Amino acid sequence: MKMAKTHQIVVEGSLWGIRNTFYSSLVILAALIVATTIYLRKDRGHLFREISVPSDSSTSQCNLFSGKWVFDNESYPLYKEKQCSFMSEEVACETFGRKDLSYQNWRWQPHHCDLPRFNATALLERLRNKRLVFVGDSLIRGQWVSMVCLVDSILPKTLKSMHSTANASLNIFRAKEYNASIEHYWSPLLVESNSDDPVNHRVVERTVRVKAIEKHAKYWTDADFLVFNTYLWWRRPVMNVLAEEWGEANGNNCYNETDMITEEGYWGQDSDLKMMHVVENVVDDLKARGLNVEMLNITQLSEYRKEGHPSIYRKQWYPLTKEQIANPKSYADCIHWCLPGVPDVWNELLYAYIFHQ
């Protein structure tokens, strides 16, 4: 068997640094408010990158990120929430009482082509003898759960397993017949911090060792595909939810939202396009050093979907106070995403990258 080419990666910046050795392909999805991200087109003075696939024309290419959401209750959802063996209670909105389920039926439609249909068998064959590892916080954990649910149904119980290691920081779903694993490693800031415990990570004051990543990196340096997400955790101390984003002037949020944003080209007020440009420059530097890095920009397409968050329809890890019960929007989760839902499309785009890189 041919050994994958080894690359030395050095990423240095004001927020985070990586110094280690990785193998094969590396996919980075950098979370920008809603999750992971990149560039699609030229807009607002920033350069946008395209990941393209052949369109209907034999001479043109199609940008998968330029498109719109289309209601499709015949093909979507791609799996049923209650039929996924490893669904997370954090994103199981239907189980926790959500009645309007149309958030499960939206399909992302690029303007000039179709997004490749997700084929679980084909993906597992591509991942045969390989590791696909999602690294980061609870947002990317949701994407990992989505990917597991997308392949779960084609595998008999005896040919799949789930287990945890590294003090429960590393969760490994394994498709035994393919010797393939789809994993999530909890490391919300990528580098060492006092929020590294996968359960007890809520701290009053966050401490980060910006040049220390080896503690975490040893668990994913031999991965074949790596998907990173960390941006939200760096922004949390200064984050605010802007009421205008939810169509109200005074203090509303995703609570009771049932409709998506339909304005094409919409950018949320908290989208940091300058940070996107910084990330783009870092990726360019990595590519110049010979590393196969790709950025998949799912920020804008996700921001349309304000109705796709769990809101109050998820497991509450702490007892609700009387004040919270009296005011449900005070504890609405407007960060994570219901499943089935938006993260499934992120994985369809990742699937397209894996097969068209």
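Structure notes:
- Inspection of the range 280-289 identifies no residue that is among the polar types (S, T, N, Q) and under 19 Å from the mean Cα position of the chain (by Cα).
- Meets criteria (assigned to a helix (DSSP H, G or I), closer than 18 Å to T230 by Cβ and either open to solvent by 10 Å² or more (accessible area, probe 1.4 Å) or out of contact with any Leu (no Cβ under 6 Å at 6 or more places or on another chain) (or both)) for V279: yes
- On inspection, R126 qualifies as within 22 Å of E348 (Cα to Cα) and either over 20 Å from the mean Cα position of the chain (by Cα) or in contact (Cβ under 8 Å) with a residue 12 or more places away in the chain (or both).
- Residues of the range 186-236 that turn out to be open to solvent by less than 10 Å² (accessible area, probe 1.4 Å), assigned to a loop (DSSP other than H, G, I, E, B) and in contact (Cβ under 8 Å) with a residue 60 or more places away in the chain, as a count: 7
- Among the candidates D285, D272, the residue that is within 21 Å of R235 (Cβ to Cβ), surrounded by fewer than 19 Cβ atoms within 10 Å (Cβ to Cβ) and among the acidic types (D, E) is uniquely D272.
- Considering residues of the range 150-185 that are part of a loop (DSSP other than H, G, I, E, B) and touching a residue at least 40 places away in the same chain (Cβ under 8 Å) only, the residue nearest to Y76 (Cα to Cα): S153
Residues checked against (1) open to solvent by less than 10 Å² (accessible area, probe 1.4 Å); (2) at positive phi; (3) in contact (Cβ under 8 Å) with a residue 12 or more places away in the chain:
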site: Y313; (1), (2), (3): no, no, yes
site: P319; (1), (2), (3): no, no, no
site: E323; (1), (2), (3): no, no, no
site: P328; (1), (2), (3): no, no, yes
site: H336; (1), (2), (3): no, no, yes
site: A352; (1), (2), (3): yes, no, yes
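- Test: residue in the range 132-148 that is over 29 Å from T230 (Cβ atoms) and not small (G, A, S): no
- Enumeration of residues in the range 112-141 that are in a loop (DSSP other than H, G, I, E, B) and either in contact with a Gly (Cβ under 9 Å, 6 or more places away or on another chain) or of a type in the set (A, V, I, L, M, F, W, C) (or both): H112, C113, L115, F118, L127
- Tally, over the range 102-141, of residues that are loosely packed, with under 15 Cβ neighbours inside 10 Å and within 24 Å of N256 (Cα to Cα): 1
- The residues of the range 335-357 that are within 11 Å of the chain's Cα centre (by Cα), hydrophobic (A, V, I, L, M, F, W, C) and not in a loop (DSSP other than H, G, I, E, B), listed by number, are V342, V345, W346, L349, L350.
- Meets criteria (of a type in the set (A, V, I, L, M, F, W, C), within 17 Å of the chain's Cα centre (by Cα), modelled with pLDDT of 95 or more and surrounded by 21 or more Cβ atoms within 10 Å (Cβ to Cβ)) for W144: yes
- Failed criterion for R305 (all others in (1) charged (D, E, K, R); (2) touching a helix residue (DSSP H, G or I) at 6+ places or on another chain (Cβ under 7 Å); (3) surrounded by fewer than 21 Cβ atoms within 10 Å (Cβ to Cβ) hold): (3)
The values are calculated or read from the model by the stated rules, or taken from the named source; none is laboratory data. Nothing here was measured: the structure is a model prediction, and the numbers come from that model. All Cβ positions, even for glycine, are placed from backbone atoms using ideal geometry, and neighbour counts span all protein chains on display. For accessibility, only protein heavy atoms count, side chains too; no ligands or nucleic acids. Shrake-Rupley method; radii C 1.70, N 1.55, O 1.52, S 1.80 Å.
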